[in-house]
Amino acid sequence: MSQFDVTVIGSGPGGYVAAIRAAQLGFKTAIIEKYSTLGGTCLNVGCIPSKALLDSSEHFENAKHNFENHGIIINEPKADIARMIARKNEVVEQTTKGINFLMDKNKITVFEGLGSFESATQIKVTKNDGSSETVESKYTIIATGSKPSSLPFITLDKERVITSTEALNLKEIPKHLVVIGGGVIGLELGSVYLRLGSQVTVVEFMDKIIPTMDGALSKELTKVLKKQGMKFMLSTAVSAVERNGDSVKITAKDKKGEEVTVEGDYCLVSVGRRPFTDGLALEKAGVELDERGRIKTNDHLQTNVANIYAIGDVIKGAMLAHKAEEEGVFVAETLAGQKPHINYNLIPGVVYTWPEVAGVGKTEEQLKEEGIAYKIGTFPMRALGRSRASGDVDGLVKIIADEKTDEVLGFHMIGARAADLVAEGVIAMEFRASAEDIARSSHAHPTYAEAIKEAALDATGKRALHM
Ligand SMILES: Cc1cc2nc3c(=O)[nH]c(=O)nc-3n(C[C@H](O)[C@H](O)[C@H](O)COP(=O)(O)OP(=O)(O)OC[C@H]3O[C@@H](n4cnc5c(N)ncnc54)[C@H](O)[C@@H]3O)c2cc1C
């Protein structure tokens, strides 16, 4: 029986990063993955393929609608969905192969097969052909991630009534894509097909989209996506989804309680994801779940069984790749006797629509609820020279600072490259910067980042310069 110091089950961003850090710290490390490619949801059917399609569709959108304004005249562009999907697959292949390279480089033993506990220290790996072997491990890190969830009355046939996984592999551009759920995944994949020419209708139970982000971002994103042609049915509770040949009928109740229907040729169900623990045989190790089916962990990400830890989407907290990665490093360093720390308040959230949306720290709604006195500075992207040069004028930056101390409490942005620029907010808050600190830091001109400085100037005495 092979023996290891640390065995990781699941090779998503949580698992493979935990394995690398454990190996760096001198542990004899193994990783078990049931699929033939490493990288988990994020690399295979999540972050990376969705961004590949978002980029391709954005090029198409620009060629169709924006090139002419820049003085570039081309023939009517056509979208070749088969090529777009093939390119996306190439990107995924390169990226997942990169993980194999990292496993080799760090001398991590990779087992392909389903990992299931035999006991708290023994894990059976069952391959596709039914053969199995058992590994013994001092510590185990469970990083088995999540799967798309659905509603009890919906049958996901994965042809017309689909999840994000199928939406990343469609063979045709839908005529009318109905998206159930106005969260990140629904809006990103909805944007892909909207740009490629589909009619897209988003049906959302809440009265706003991206409900966990700052209200100003939700409002602005709704406005911009409506301008792009996306339709919204808010405060609408879906009660039935029926497939009839090539069409799908969605029945729902609107906020007045009246029945409404919408019909499309595809229905993307993006109502969230559920933690995935099927097949792990947790009972054999004695590992407990919480009331929502997540693996229960304490502040050290340790389960109720002392030598077993859990990270990423399979435990509480935001289902985000970078949160899973932080937790992977955290556990490896904890096992090595270090005292790592994760500031969960400073895990940024991003939506890769265009314009991009990003936020970190407290939203205005949270501060109100917590009774913390705050001040706000905002700056519209359209007032920037950089935005006018590129034509990306939609959006704003909103900085929230403590009323008395001026410490930055929240950073929220919708605008060009917000996904990258949110890092300035994270760093500022990690170092407990004040709005004045940001306002007095030089920001290169002309850049989109100048909107951050201007919003900070606005937060500290309403002294924005270009407004
Ligand atoms: C369409 C889409 C877009 C997304 N975009 C983003 C984004 O832009 N940014 C972002 O931060 N997040 C994004 N996410 C979320 C992100 O993918 C997840 O938060 C992240 O992958 C979680 O990482 P993880 O390591 O916890 O689990 P996962 O990535 O889910 O990996 C778990 C792995 O464990 C394996 N496994 C499960 N059970 C077993 C077992 N018993 N034995 C062996 N192997 C097993 C699975 O096969 C899988 O490979 C997106 C998700 C989707 C679906």
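The values are calculated or read from the model by the stated rules, or taken from the named source; none is laboratory data. Bear in mind that the values here come from a model prediction, so they are computed numbers and not experimental data. Cβ: placed from backbone, ideal geometry, glycine included. Neighbour counts: every protein chain shown.
A few points about this structure:
- Boolean, Ser56 is within 16 Å of the ligand (Cβ to nearest atom), hydroxyl-bearing (Ser, Thr, Tyr) and over 20 Å from Tyr35 (Cα atoms): yes
- The criterion of at least 1 residues that are over 21 Å from the mean Cα position of the chain (by Cα) is met by the following strands (runs of 3 or more DSSP E) wholly inside the stretch 338-407: 374-380, 396-402.
- Members of the stretch 424-467 found to be in a helix (DSSP H, G or I), out of contact with any strand residue (DSSP E or B) (no Cβ under 9 Å at 6 or more places or on another chain) and either polar (S, T, N, Q) or free of Cβ contacts under 8 Å to residues at least 40 places away in the same chain (or both), listed by number: Ile427
- Top-ranked residue in the stretch 215-229 [being touching a residue at least 24 places away in the same chain (Cβ under 8 Å) and under 21 Å from the mean Cα position of the chain (by Cα); ranked as nearest to Ser198 (Cα to Cα)]: Leu225
- Residues satisfying the stated conditions in the stretch 341-383, i.e. of a type outside the set (D, E, K, R), surrounded by 16 or more Cβ atoms within 10 Å (Cβ to Cβ) and more than 15 Å from Gly410 (Cα to Cα): Val351, Tyr352, Thr353, Trp354, Pro355, Pro380, Met381, Ala383
- Among the residues of the stretch 316-357, just one is of a type in the set (Ser, Thr, Tyr) and either within 9 Å of the ligand (Cβ to nearest atom) or modelled with pLDDT under 95 (or both), namely Tyr352.
- When the stretch 26-51 is filtered for residues that are buried (at least 24 other Cβ atoms within 10 Å of the Cβ) and either among the small types (Gly, Ala, Ser) or near the ligand (Cβ under 6 Å from one of its atoms) (or both), the ones remaining, listed by number, are Ala30, Ile32, Glu33, Gly39, Gly40, Thr41, Cys42, Gly46.
- Residue in the stretch 62-77 that is surrounded by fewer than 23 Cβ atoms within 10 Å (Cβ to Cβ), among the basic types (Lys, Arg), away from the ligand (no atom under 16 Å from the Cβ) and in the same structural domain as Lys323 (by TED's automatic domain parsing) present: yes
- Residue selected from the stretch 395-449 under the condition hydrophobic (A, V, I, L, M, F, W, C) and touching a Pro at 6+ places or on another chain (Cβ under 8 Å), by the criterion surrounded by the fewest Cβ atoms within 10 Å (Cβ to Cβ): Ala423
- Unique match (being assigned to a helix (DSSP H, G or I) and in contact (Cβ under 8 Å) with a residue 24 or more places away in the chain) among Val125, Val92: Val92
- Residue count for the stretch 131-162 satisfying the condition of being out of contact with any helix residue (DSSP H, G or I) (no Cβ under 6 Å at 6 or more places or on another chain) and over 25 Å from Val287 (Cβ atoms): 13.
- Within the set Ile311, Ile295, the sole residue that is modelled with pLDDT of 95 or more, in the same structural domain as Lys51 (by TED's automatic domain parsing), among the aliphatic types (A, V, I, L, M) and in contact with a Pro (Cβ under 8 Å, 6 or more places away or on another chain) turns out to be Ile295.
- Total residues in the stretch 296-315 satisfying the condition of being within 11 Å of the ligand (Cβ to nearest atom) and out of contact with any Gly (no Cβ under 8 Å at 6 or more places or on another chain): the figure is 2.
- Applying the criterion of being within 26 Å of Ser235 (Cα to Cα) and not in a strand (DSSP E or B) to the residues of the stretch 166-182, the residue that is farthest from the ligand (Cβ to nearest atom) is Lys175.
- In the stretch 183-220, the qualifying residues are those that are in a strand (DSSP E or B) and of a type in the set (Val, Ile, Thr), and the one that is surrounded by the fewest Cβ atoms within 10 Å (Cβ to Cβ) is Thr201.
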